[in-house]
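*Asks:* The structure follows.
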């Protein structure tokens, strides 16, 4: 099996990110809950995409690209972090985003303006249209370009969370469960594969915050990432499960997610976002209330960031503050 240091990688983040116990949440839920602070990964406002971009942008540089394209919704954390990472390493980023969600100059849109990033909106629900537009714009520029998929979720990007699993395994606490959001598939696939390799007693729970067929996407990405690593069949373990936490729809706040955001803020002084981490932590809360965690088991919640999107919210339920 290949070692991760055999793959090209651009240093972007501050790793390892810390792990600490959520003492108040643990008491409230009657379970031993910890948090992995990938929201403190160093670039921009932090988040899980930094790990993926270390591998993806190294590949872009290796191929001689001068421009990098990526996509997502109007408030995509991945798109903003791609722009920040490209700026850091001297590349130009062009974001071709779905005209869905908050397109005003708030949240990640404001950060992209600070980065002086070119943003193009397309009124489409089909990413095939967007990838075709990347080729059209890239060809018109006349310079080498590189396309990163939505969320950075391909096999190469997923290596970032194989690396994270190795990182967790060396941080001094053995976990029985790891809980993370699943919005495009790469983080969950990398974490499940990485856990299968280096934490075989750990079960990974993917909290699906979109309606995509993750029962197909997750094992496909795991297999493709395992192939990159030349991993043996033992790495592909039945060590994960998926839970639907999408609620009323992708990027639409849910009551459960809002409760989770409030609980984390009021009891731990930490902030979750309504699109990803709020809904993912709501899934962890539901599991705890259902008795899914046995006494003595340790549970790790992966905080994947998303702070930029918080500032695109139009108020918060139970407050009088509106934009």
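A short reminder: the numbers here are calculations on the coordinates, not readings from a lab. What you see is a predicted model; the values in this text were computed from it and never measured. Backbone-built Cβ (ideal geometry, glycine too); neighbour counts: all protein chains shown.
*Asks:* Alpha carbon centre of region 180-220 versus region 1-47: separation in Å?
*Replies:* 16 Å
*Asks:* Please arrange 61, 36, 98 by how many other C-beta atoms lie within 10 Å of their C-beta, fewest to most.
*Replies:* On the way: 61 17, 36 26, 98 21.
Neighbour counts put them in this order, fewest first: 61, 98, 36.
*Asks:* To continue, here is another question. Expected output is a single nm value to one decimal: the length gained when fully extending between residue 23 and residue 255, i.e. 0.36 nm times separation in residues minus the C-alpha distance. What is it?
*Replies:* Numbers: separation 232, 0.36 × 232 = 83.52 nm, distance 2.40 nm.
Stretched out fully, the residue 23 to residue 255 stretch lengthens by 81.1 nm.
*Asks:* Further, regarding this structure: Two decimals, Cα atoms only, Kirkwood Rh: what is Rg/Rh over region 66-139?
*Replies:* Working: Rg = 11.4 Å, Rh = 12.1 Å.
Dividing the radius of gyration by the Kirkwood radius yields 0.94.
*Asks:* Place a point 7 Å from the Cα of residue 232 along the Cα-to-Cβ direction; which residues of region 1-41 have their backbone N under 11 Å from it?
*Replies:* It comes to 1, nothing else.
*Asks:* Expressed as a whole number of Å, what is the distance separating the alpha-carbon centroids of region 247-294 and region 102-139?
*Replies:* Result: 29 Å between the Cα centres.
*Asks:* While we're here: Relative contact order of the chain, please, whole-number percent, based on alpha carbon pairs below 8 angstrom and at least 6 residues apart. Please report the intermediate quantities before stating the final value.
*Replies:* Numbers: 673 pairs, mean separation 69.7, N = 323.
Relative CO of the chain lands at 22 percent.
*Asks:* Per Stokes-Einstein, at 4 °C and 1.567 mPa s, what whole-number D in µm² s⁻¹ belongs to the chain, with the Kirkwood radius over Cα pairs as the hydrodynamic radius?
*Replies:* Using the Kirkwood radius from Cα pairs, D works out to 66 µm²/s.
*Asks:* Take the alpha carbon atoms of region 68-208, find their radius of gyration, then divide it by 2.2 N^0.38 Å using N residues; give the quotient. All intermediate terms of the calculation are to be shown ahead of the outcome.
*Replies:* Details: Rg = 17.1 Å, N = 141, 2.2 N^0.38 = 14.4 Å.
Output field value: 1.19.
*Asks:* For region 1-72, would you read off the P(r) tail past 14 Å as a percentage of all alpha carbon pairs?
*Replies:* On the way: 1786 of 2556 pairs.
Summing the P(r) of region 1-72 above 14 Å gives 70 percent of all pairs.
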